[in-house]
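All remarks here apply to the structure that follows.
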Amino acid sequence: MYITIAPGIDVYSFESLSSTQEQARFMAEEGYPDGTIILTKEQIMGKGRMGRRWVSEPGNLYMTYISRPDCSASKAAEMSFVSCIAAGDGMRRYITRSSQELDYKWPNDLMLNKQKVGGILLETVGKDPEKLDAVLIGVGINLQNTPESANYPVTSFLQEGMDVSIDQALQVVAANLQAAIEMWRLQGFAPIRNRWLEHVYGMGEVITVNQGDKTFQGRMQGIDDSGALIISSKIGATDRITAGDVLLGGATTVKD
């Protein structure tokens, strides 16, 4: 099914897909324009970071937004933060109690009341790393269902007392993505970084970052001008982290 939900935003809706990322890649390579959204009720092989499977039960938001930002792969990495604030600002309007918090866990998770409720997945299209053809922004948000097989703290909006439909979530996330990407294009990363830091998860707390065979532990100091995570150790050293799994507290990470 095809619908236009706003000027420049076209949605292609499916009952079921292997993953919205795979369908979006095909459509991006076929020339579908900036602002095309692929939406599905369920994913058979949903994708998470680092090739992990994203459990995709019916009732939640599974979408991919095709963006054509005309930039390099290194610059496109900033779109993870662009997408987080777009999804977070959109979904925050459905929070009904002041005690509830929707925060951003570095680099691309949405945390509702300190539990993961959604995530962002970026993939690029194009052979030239200095001039991408497209960036695929995958957004998954637990609205009605909470994956039972997850090995990390996870929740849904319904579980936290908020009944949000797929259509409601789609409308706010799509509109905010369009606006946030345009702001990033015109104003650069600085305003995106500042808005992300307003709702950062774990600022000032001790965190552990796992990078396969390497582990870093220190107090979270924020992110730098490129989005890299900055942590400081007890001995005063500062580490700049560009990839890894983050857990608040001790050295045993919970992978997402």
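The values are calculated or read from the model by the stated rules, or taken from the named source; none is laboratory data. Just so it is clear, the structure is predicted and the values come from calculations on it, not from any experiment. Glycine gets a Cβ as well: all are built from the backbone with ideal geometry, and neighbour counts include every protein chain shown. Just the protein is used for accessible areas: all its heavy atoms, side chains included, with ligands, DNA and RNA removed. Shrake-Rupley method; radii C 1.70, N 1.55, O 1.52, S 1.80 Å.
Below, the figures for the structure above:
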read-out: Residues of segment 186-235 satisfying the condition of being in a loop (DSSP other than H, G, I, E, B), of a type outside the set (Asp, Glu) and over 19 Å from ASN108 (Cβ atoms); value: GLY188, GLY204, SER233, LYS234, ILE235
read-out: Residue match in segment 180-199 (condition: buried (at least 20 other Cβ atoms within 10 Å of the Cβ) and under 16 Å from ASN113 (Cα atoms)); value: no
read-out: Qualifying residue in segment 94-113 (condition: of a type in the set (Phe, Trp, Tyr) and over 14 Å from the mean Cα position of the chain (by Cα)); value: yes
read-out: When residues of segment 53-95 are limited to those that are outside any helix (DSSP H, G or I) and touching a Phe, Trp or Tyr at 6+ places or on another chain (Cβ under 7 Å), the one most open to solvent (accessible area, probe 1.4 Å); value: TYR94
read-out: Residue in segment 162-173 that is of a type in the set (Val, Ile, Thr), in a strand (DSSP E or B) and surrounded by 13 or more Cβ atoms within 10 Å (Cβ to Cβ) present; value: no
read-out: Single condition THR146 does not satisfy, out of (1) open to solvent by 50 Å² or more (accessible area, probe 1.4 Å); (2) in contact with a Leu (Cβ under 9 Å, 6 or more places away or on another chain); (3) assigned to a loop (DSSP other than H, G, I, E, B); (4) without any contact (Cβ under 8 Å) to a residue 60 or more places away in the chain; value: (1)
read-out: Scan of segment 128-143 for residues that are open to solvent by 50 Å² or more (accessible area, probe 1.4 Å) and either touching a residue at least 40 places away in the same chain (Cβ under 8 Å) or part of a helix (DSSP H, G or I) (or both), ordered by number; value: PRO129, GLU130, LYS131, ASP133
read-out: Segment 221-240, residues that are in contact (Cβ under 8 Å) with a residue 60 or more places away in the chain and open to solvent by less than 40 Å² (accessible area, probe 1.4 Å); value: ILE223, GLY227, LEU229
